[in-house]
Amino acid sequence: MFGIFKYIEYSILILIGLCLCFLLVGIVRFFVGYFKKSSVIHSEKKAKFAIIIAARDESKVIEANLKSIEKCDYPKDLYDIYLIVESKDDPTIEISKKFTNLNIHIFYRVNLNNVGKGFALDECLKYIYTSNDIYDAFMILDADNLISKNFISRMNDAYQCGYDIACGKRENKDWNASTVCGASALTFTIINTIQNKPKMNFGMNVLISGTGFYFKASVLRDYCGWPFHTLTEDYELTNYSIVHNLKSGYVEDAIFYDEQPLTMKQSIIQRTRWIKGYFTVQKKYKKDKIEVLKKNSKNRNMWYQIIGGIPMITLGIALLVYLLILFILFICDLVMKDAHYWEYLSRMIYLVVAIYLFFILFTIYLFILDRKTIKIKKFQRLKVIFYHPIFMTSYAYAAIRALFVKPTWDKIEHTINKDENEI
């Protein structure tokens, strides 16, 4: 029995080594791509945008959102705002009436049996495509978002540079709201700076995350709506863009802000939905990806999308299994009163400490890398540094939970009503 465990242990160690080699290649690739210059240059040409905001029961935050749009340096006659609501009694409607210098349209949902932002966007886009198809591009925001003064202008620059889809840099509205909030926001530092920036500079498609993006009207005109209804419609759009050879980009200086979960419970629920959605989308687009590779086996975007997070997921699973094996060997030796149990116990401790220290160093690195936009107090920063490893390892629990729990579109109440200057 112990011989079998030993062989399994050695196999897992080899697998961990291979994953670490892949990670090293990724680190080298990151540094090469990170220091390249952005290809999104300023343009005098102007596109007409429709800004679509799912705003059901968002009266606590919608005013700050609209104020941030109002302050933008883009001509107001070149964008309209569509607020999606479900009831004429929604206070969001009255608040929107204060902004008389903005072109705001209130769109009432019809089919309330279809729950989720994807269905809300679908209804609104169907209405626009069939009744008011005058826009060059659609911009998607959440009601709790704030956008920087140059956000629409920089999205326009990306549009004029030929990007079918482009997203801005996602930042946190309040880094100091809670330790969980700060740790959660670092997820998007990873997506923004470690993933999207190098990919953009290598001419590859980027990961669309949440909101804060636009897509050309021509992209979905044939669908006459929004065909993405999985739990992670943003990740589905990312896959769709790659399968259909659309050009997507990341604009680092177009910043938008949103709220992060304040408690671990909220965060686990959110990440369970992400993980479930990730695997649903991978399964949904599997055949399409294979077909694309048959036509072009050297498609970098497709290979990256297929491989994606597999090495990191594999590494995480391998480490968990290795720890489990060490624990089993430790228990067996302890029961049998074999002196080797101290060896297995010490190896477990060393591995856990090594993982914890790695994440601490990684967190410090993230703070250094994105120091210009991470606005966090010193003591709170220290708390996040020591808490972030626990937050990251809790992805394992969220993944296990995703196997047994059916994630739903649970509404998370947004309450931070700050403007950009107060962040």
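The table for this structure:
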{"quantity": "Residues located in region 261-306, provided they are over 21 Å from the mean Cα position of the chain (by Cα) and hydroxyl-bearing (S, T, Y)", "calculated": "S297"}
{"quantity": "Subset of region 205-230 [in a loop (DSSP other than H, G, I, E, B), open to solvent by 10 Å² or more (accessible area, probe 1.4 Å) and among the aliphatic types (A, V, I, L, M)]", "calculated": "L207"}
{"quantity": "Residue list for region 95-105, filter: touching a residue at least 24 places away in the same chain (Cβ under 8 Å) and either within 12 Å of Y79 (Cα to Cα) or not aromatic (F, W, Y) (or both)", "calculated": "I95, S96, K98, N101, L102, N103, I104, H105"}
{"quantity": "Residue that is farthest from C161 (Cα to Cα), among those in region 177-204 that are open to solvent by 10 Å² or more (accessible area, probe 1.4 Å) and among the small types (G, A, S)", "calculated": "S178"}
{"quantity": "Verdict on A318 being touching a residue at least 12 places away in the same chain (Cβ under 8 Å) and of a type in the set (A, V, I, L, M, F, W, C)", "calculated": "yes"}
{"quantity": "Residue check, V251 among the aliphatic types (A, V, I, L, M) and either more than 16 Å from the chain's Cα centre (by Cα) or open to solvent by 30 Å² or more (accessible area, probe 1.4 Å) (or both)", "calculated": "no"}
{"quantity": "Selected residue (criterion: surrounded by the most Cβ atoms within 10 Å (Cβ to Cβ)) from residues of region 15-65 that are in a helix (DSSP H, G or I) and at pLDDT 80 or above", "calculated": "N65"}
{"quantity": "Tally, over region 364-385, of residues that are farther than 13 Å from V180 by Cβ, open to solvent by 60 Å² or more (accessible area, probe 1.4 Å) and not in a loop (DSSP other than H, G, I, E, B)", "calculated": "7"}
{"quantity": "Some residue of region 97-114 being closer than 28 Å to Q260 by Cα, among the hydroxyl-bearing types (S, T, Y) and either open to solvent by less than 10 Å² (accessible area, probe 1.4 Å) or in a helix (DSSP H, G or I) (or both)", "calculated": "no"}
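The values are calculated or read from the model by the stated rules, or taken from the named source; none is laboratory data. The model shown is predicted, which means the values in this text are computed figures rather than measured ones. Please note: Cβ atoms are built from the backbone with ideal geometry, for glycine as well, and neighbour counts cover all protein chains shown. For the accessible areas, the whole protein counts, side chains as well, though only heavy atoms, and no ligand, DNA or RNA atoms are used. Shrake-Rupley method; radii C 1.70, N 1.55, O 1.52, S 1.80 Å.
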